[in-house]
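Structure record follows, encoded as structure tokens.
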Amino acid sequence: MATVQHYPPEMASRLEDIVSAKMAYREIGGVTGWMHAVFSGMLANWLVGLAALFATMGRTVIDKFVPLFLAVSLFVAAGFQHSPANMAYFSLAAAAGMGPGWSGALAWNILPAAVGNILGGLLLVVAPFWIAFGSKHSAMSEMHPGRERSDGL
């Protein structure tokens, strides 16, 4: 007998609470609810992008772990929407026969969160670093003015 999707009552109740919180944008409804999910997704990916940046900035395991842990903890505590993470919750709920179903989850959480994740990554992570540091090509040509690059870029 397969017991993979058999959750104890307290775990099933907690999963249902999490999925209900993730679907709160459906209660707002319309464009306003969808935009709330998009903005939440933008903030989520801003923190995820910062966590990735922090992980590359540190020189030791502790230097990498502490800021990464803080960024991810803030992301989780704030309840921001991250499409890949939310797919896990909706998958678990669907397998257990609870939750809004895939059409509701896609329409009111996964798609708007994905749009927000993309916009957040572009506008809140990539664009500020592009503005601050420029492209690799412009940095290389500034370091060696008047010299052609051999790699064709």
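Data for the structure
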{"quantity": "Residues that are over 22 Å from Val126 (Cβ atoms) and in a helix (DSSP H, G or I), drawn from segment 48-69", "calculated": "Val61, Ile62, Asp63, Phe65, Val66, Phe69"}
{"quantity": "Total residues in segment 1-47, condition of a type outside the set (Ser, Thr, Tyr), loosely packed, with under 15 Cβ neighbours inside 10 Å and in a helix (DSSP H, G or I)", "calculated": "10"}
{"quantity": "Val66, sole failed condition from (1) surrounded by fewer than 16 Cβ atoms within 10 Å (Cβ to Cβ); (2) in contact (Cβ under 8 Å) with a residue 40 or more places away in the chain", "calculated": "(2)"}
{"quantity": "Filtered residues of segment 70-89 (kept if in a loop (DSSP other than H, G, I, E, B) and surrounded by fewer than 17 Cβ atoms within 10 Å (Cβ to Cβ))", "calculated": "Gly79"}
{"quantity": "Hey, Val125 hydrophobic (A, V, I, L, M, F, W, C), over 15 Å from Ile18 (Cα atoms), under 13 Å from the mean Cα position of the chain (by Cα) and assigned to a helix (DSSP H, G or I) or not", "calculated": "yes"}
{"quantity": "Residue count for segment 77-127, restricted to those that are farther than 29 Å from Leu53 by Cβ, touching a residue at least 60 places away in the same chain (Cβ under 8 Å) and hydroxyl-bearing (Ser, Thr, Tyr)", "calculated": "0"}
{"quantity": "Number of positions in segment 90-102 that are in a helix (DSSP H, G or I) and either more than 26 Å from Val38 (Cβ to Cβ) or in contact with an Asp or Glu (Cβ under 8 Å, 6 or more places away or on another chain) (or both)", "calculated": "2"}
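Every number in this text was worked out from the coordinates using simple rules, so none of it is lab data. In this text the structure is predicted, and so the values were computed from the model without any measurement. Cβ atoms come from the backbone with ideal geometry, glycine included; neighbour counts cover every protein chain shown.
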